[in-house]
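The values are calculated or read from the model by the stated rules, or taken from the named source; none is laboratory data. Please read these numbers as outputs of a predicted model, since none were measured by experiment. Here the Cβ is made from the backbone with ideal geometry for all residues, glycine too, and neighbour counts use every protein chain on show.
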Amino acid sequence: MNPHPQLPFVTSADAASARLVHLVACEDSATVSRLLGEHAAFLQGQGFSAKDGAFTLLPGDGGVGSAILCVASARVNDPVAFGKLGTALPDGDWTAVLHGLDEGALESALLGFCMGAYRFSLGEDKPVTTRMVVPDEAKRLVALSKALWFGRDLINMPANLLGPRELADMAGAALVHRGASVSLVDGDDLRSAYPCLAEVGEGSERKPVVVVARWKAREGAPRVSLIGKGVCFDTGGYDLKGAAGMLRMKKDMGGAALMLAVMCAAIDLGLDVDLELCLGCVENSVSGHAMRPGDVLRTRSGRTVEIGNTDAEGRLVLCDLITEASESRPDAILDAATLTGAARVALGPDVPALFSNDDELASLILESGKTTADVMWRMPLWHGYDAWLDSKVADFGNVTSQPMAGAITAALYLQKFVPDGQKWAHIDTYAWNDGARPGRPEGGEVLGLRAILESLSRIHNNS
């Protein structure tokens, strides 16, 4: 897998006789009619109308001459609105032309095309045959696109090819390439520094690795710690998942893929924020060495946790990393994880759940999500449920006996490791597209990438 993929973009100087794809506000019926020209009657007879998402190819000399995509003006900042371009445009080079749309729509259109054009395959490499012409200055677009494809590739990679060591090595290579300092912690050092995380990996022959990476923008810059759950495959442990529940568990490192993609893009964009990245790369498996229900584990914080369910391992990975990140008292800690099915029941596959102990930080992330059309939804840290995590033999348990509020109680567990006064946000994401849609190919997805990057940019601008 190439962590620096060939994107489907080309500069105007290198484009080969690019054809035009007209991006039109669907409310502008006069412009649509003019562009359709002599073909208007035929296409309208075939059912084409200038509605949001309508797409058609127009004939030219010897074949396809141009294309039209209609987009509602209210959706122009959403790359998904242009995602159809990634699959509908024929081979060749294309130049986007805006009609009745704000100039900012061009970046959304090009990113949406890239999102839709993504394909994951471990077969023979195939050259990119459909490309979009991009402006000479497209730093943000290229950084976002690289991070998006890289993150998706990591999530889509089969677990036999991407275990804890491979994920750590991929992360290290991508970040060292960008000038970050990277340390990989394993073996006895890991067991000493991250005892709870280490226990999660005891059941697998593929031993855990923690990635700690740092990027320093400047002296005095705001400091943000990014944390990602990197469970490369989750069997559930002794509380074994069923076949259907286990099928997609290669994606259980989606939080790590997201935060790694965020850091790569932030460095590429030169954001004025000091960043620390902690990834807990581990496999939750079954063996004579695996943790068991009823075990009591010690965490980095010194407190103990009773294992009520071995399939609630993600929070055991994150708690040690949150403790470590808190020790340097950064301006904010952001963690991301494919943590609970309860969050998906509440919000579905497209909307990550956001929990935060700080209203200002939560508002920053939510507004950034709206601005970038990469939305999250805030859910409560309802402390009335704290007692559900009580244990008779440890400081607390990793699960509750109540069959409800699973996303909230998971977040409450994590908050126990956040010191008073430390700003923290937790993102419970799905990291997967169940079926192909425009801009969202079936498979791994780095939900929240644009929202988090925009949040970091605003932290930078507000500092």
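Output the residues belonging to segment 51-81 that are among the β-branched types (Val, Ile, Thr) and touching a residue at least 60 places away in the same chain (Cβ under 8 Å). Across segment 51-81, the qualifying residue is only Val80. Tell me, which residue of segment 420-440 that is touching a residue at least 60 places away in the same chain (Cβ under 8 Å) and part of a loop (DSSP other than H, G, I, E, B) is nearest to Thr323 (Cα to Cα)? Residue satisfying both the conditions and the ranking: Gln422. Remark: pairs (first residue in segment 382-399, crowded, with 16+ Cβ neighbours inside 10 Å; second residue assigned to a loop (DSSP other than H, G, I, E, B) and of a type in the set (Lys, Arg); Cβ separation under 6 Å; 6+ apart in sequence or on different chains) = Asp395/Arg303.
To keep it simple, each residue is scored yes or no on (1) in a loop (DSSP other than H, G, I, E, B); (2) assigned by TED's automatic domain parsing to the domain that holds Ala436; (3) over 13 Å from Val212 (Cα atoms); (4) not acidic (Asp, Glu).
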{"site": "Asp153", "(1), (2), (3), (4)": "no, yes, yes, no"}
{"site": "Ala159", "(1), (2), (3), (4)": "yes, yes, yes, yes"}
{"site": "Ala171", "(1), (2), (3), (4)": "no, yes, no, yes"}
{"site": "Val176", "(1), (2), (3), (4)": "no, yes, no, yes"}
{"site": "Val182", "(1), (2), (3), (4)": "no, yes, no, yes"}
{"site": "Leu190", "(1), (2), (3), (4)": "no, yes, no, yes"}
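Taking the conditions (1) touching a strand residue (DSSP E or B) at 6+ places or on another chain (Cβ under 8 Å); (2) surrounded by 13 or more Cβ atoms within 10 Å (Cβ to Cβ); (3) modelled with pLDDT of 85 or more; (4) assigned to a loop (DSSP other than H, G, I, E, B) in turn, Val21 satisfies each one other than (4). The single condition among (1) crowded, with 22+ Cβ neighbours inside 10 Å; (2) modelled with pLDDT under 95 that Pro403 does not meet is (1). Within segment 438-463, if we keep just the residues that are of a type in the set (D, E, K, R) and in contact with a helix residue (DSSP H, G or I) (Cβ under 8 Å, 6 or more places away or on another chain), the residue that is surrounded by the most Cβ atoms within 10 Å (Cβ to Cβ) turns out to be Glu445. Entry remark, segment 180-192: residues being touching a helix residue (DSSP H, G or I) at 6+ places or on another chain (Cβ under 7 Å) and touching a residue at least 12 places away in the same chain (Cβ under 8 Å) number 5 in total. Applying the condition of being in contact with a Leu (Cβ under 6 Å, 6 or more places away or on another chain) and of a type in the set (A, V, I, L, M) to segment 177-209 and asking which residue is farthest from Gly302 (Cα to Cα) yields Val182.
With Leu279, Leu240 as the choices, which residue is among the aliphatic types (A, V, I, L, M), under 20 Å from Thr340 (Cβ atoms) and assigned to a loop (DSSP other than H, G, I, E, B)? The unique qualifying residue is Leu240. Pairing residues of segment 139-165 that are closer than 21 Å to Leu271 by Cβ with residues that are among the hydroxyl-bearing types (Ser, Thr, Tyr), at Cβ distances under 9 Å and at least 6 apart in sequence or on separate chains, gives Leu148/Tyr118; Trp149/Tyr118. Looking only at segment 59-68, decide whether some residue is surrounded by 15 or more Cβ atoms within 10 Å (Cβ to Cβ) and of a type in the set (D, E, K, R). Checked segment 59-68: no residue is surrounded by 15 or more Cβ atoms within 10 Å (Cβ to Cβ) and of a type in the set (D, E, K, R). Scanning segment 61-102 for residues that are under 21 Å from Thr11 (Cα atoms), in contact with a Pro (Cβ under 6 Å, 6 or more places away or on another chain) and at pLDDT 95 or above returns a single hit, Gly83.
For Ala244, the conditions (1) closer than 14 Å to Val286 by Cβ; (2) of a type in the set (A, V, I, L, M); (3) without any contact (Cβ under 8 Å) to a residue 12 or more places away in the chain are fulfilled apart from (1). Filtered by the rule that a residue be hydrophobic (A, V, I, L, M, F, W, C) and farther than 18 Å from Leu316 by Cα, segment 260-288 gives Leu260, Ala261, Val262, Met263, Cys264, Ala265, Ala266, Ile267, Leu269, Leu271, Val273, Leu275. Among the residues of segment 125-149, those that are under 17 Å from Leu258 (Cα atoms) and crowded, with 23+ Cβ neighbours inside 10 Å comprise Leu144, Ser145, Ala147, Leu148, Trp149.
Residues in segment 265-278 include none that are surrounded by fewer than 19 Cβ atoms within 10 Å (Cβ to Cβ), closer than 23 Å to Glu202 by Cα, out of contact with any Lys or Arg (no Cβ under 6 Å at 6 or more places or on another chain) and assigned by TED's automatic domain parsing to the domain that holds Asp390.
Considering segment 416-437, the residues that are under 25 Å from the mean Cα position of the chain (by Cα) and surrounded by fewer than 17 Cβ atoms within 10 Å (Cβ to Cβ) include one that is farthest from Gly236 (Cα to Cα), namely Arg437.
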